[in-house]
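The values are calculated or read from the model by the stated rules, or taken from the named source; none is laboratory data. As the structure is a computational prediction, the values presented were derived from the model and not from experiment. Using ideal geometry, Cβ is built from the backbone for each residue, glycine included, and neighbour counts are taken over all protein chains shown. Areas reflect the complete protein model, heavy atoms only, side chains present, ligands, DNA and RNA absent. Shrake-Rupley method; radii C 1.70, N 1.55, O 1.52, S 1.80 Å.
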Amino acid sequence: MKRLTNWVLDDGINMGVKLIIGILVMVIGFKIINNISKKFLKFAELRAVDVTIIKFFKSCINISLKCLLLLVIIGGYWDVKLTGLAAILASAGVAVGLALQGSLSNFAGGFIILFLRPFKVGDYIQAAGFEGTVEQIGVFYTNLATVDNKLVMIPNGTLSNGSLINYSAKETRRVDLVFSVSYDSDLLKVRRVLKEIVDKHKLILDKPEPFIGLIQQNASSLDFTVRAWVKNSDYWTVYFDLLETVKNRFDKEGIDIPYPQMDLHLKNKQ
């Protein structure tokens, strides 16, 4: 009985020590793997490798090394029989497959995005009801930074199977603005003023040629459209510049900007 007690105590202590050591090795190993991933990222950046590919494979390396470390600790150090675990997983294969269906779809979607390249890190996109700048294309999720600096994580499966708008794909974009004037305005004068504003703006491209024209006769206004081509990076600068400049110039030239109004006719009943 004494031998049995000593054996149980000794074996229990040994198992407890191995458990603690294994957990410590796991924590330290995860930190080392994170450092390796960061060094890989810096090394690849120095080699001028595409940042989109770098960040994707950084995620793959990080997850693969951590899984390998877990297998070594569980099977090699803790002496857990992985064959039994494999048999259990095999018997529950259908349930596991259904549970991981979404994750596998996102994993495959990440590779589709990586090789088809509908967008890359740094592009401004709109998809799945969100829009922002792509910060990272991970193994399962793509991270977007919105204009107000919120982090949005969109599943790769959703991005690879859905529609999206990539605002950064082309070098140039067209600024479309509509300016309303009253029916009393001199149309030739309005066109001339708008053309002068567009021609003087240094960020507006000469080709394709800007378009200025009357597009609609509303109930209380005449609508002129201005369509000007700019470099992608200058889009919002030109957009806000034109809005402010046209308003100030219209005021200076005496061109009225109408507002909705309604005429009421009252009849006296006798």
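A quick yes/no check of all residues on (1) at pLDDT 95 or above; (2) among the β-branched types (V, I, T); (3) touching a Lys or Arg at 6+ places or on another chain (Cβ under 8 Å):
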site	(1), (2), (3)
V178	yes, yes, no
S185	no, no, no
L194	yes, no, no
I197	yes, yes, yes
Q217	no, no, no
Q261	no, no, no
Q270	no, no, no
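Any chance region 157-175 includes a residue that's touching a strand residue (DSSP E or B) at 6+ places or on another chain (Cβ under 8 Å) and more than 26 Å from F119 (Cβ to Cβ)?
Restricting attention to region 157-175, the residues satisfying the condition of being touching a strand residue (DSSP E or B) at 6+ places or on another chain (Cβ under 8 Å) are 158-159, 162-168, 171-175.
Those left that are additionally more than 26 Å from F119 (Cβ to Cβ): none.
No, region 157-175 contains no residue that is touching a strand residue (DSSP E or B) at 6+ places or on another chain (Cβ under 8 Å) and more than 26 Å from F119 (Cβ to Cβ).
With the requirement that a residue be over 12 Å from D176 (Cβ atoms) and of a type in the set (S, T, N, Q), what does region 218-235 give you? Those that are over 12 Å from D176 (Cβ atoms) and of a type in the set (S, T, N, Q): N218, S220, S221, N232, S233.
If we only count strands (runs of 3 or more DSSP E) wholly inside region 153-270, which ones have 2 or more residues that are over 30 Å from I137 (Cα atoms), open to solvent by less than 70 Å² (accessible area, probe 1.4 Å) and touching a residue at least 40 places away in the same chain (Cβ under 8 Å)? If you could, list the steps in order and put the result at the bottom.
Numbers: elements: 164-166, 172-181, 211-217, 222-231.
Filter on region 153-270 gives 172-181, 222-231.
Residues of region 12-66 that are of a type in the set (G, A, S), modelled with pLDDT of 70 or more and closer than 30 Å to F119 by Cα: S37, S59, S64.
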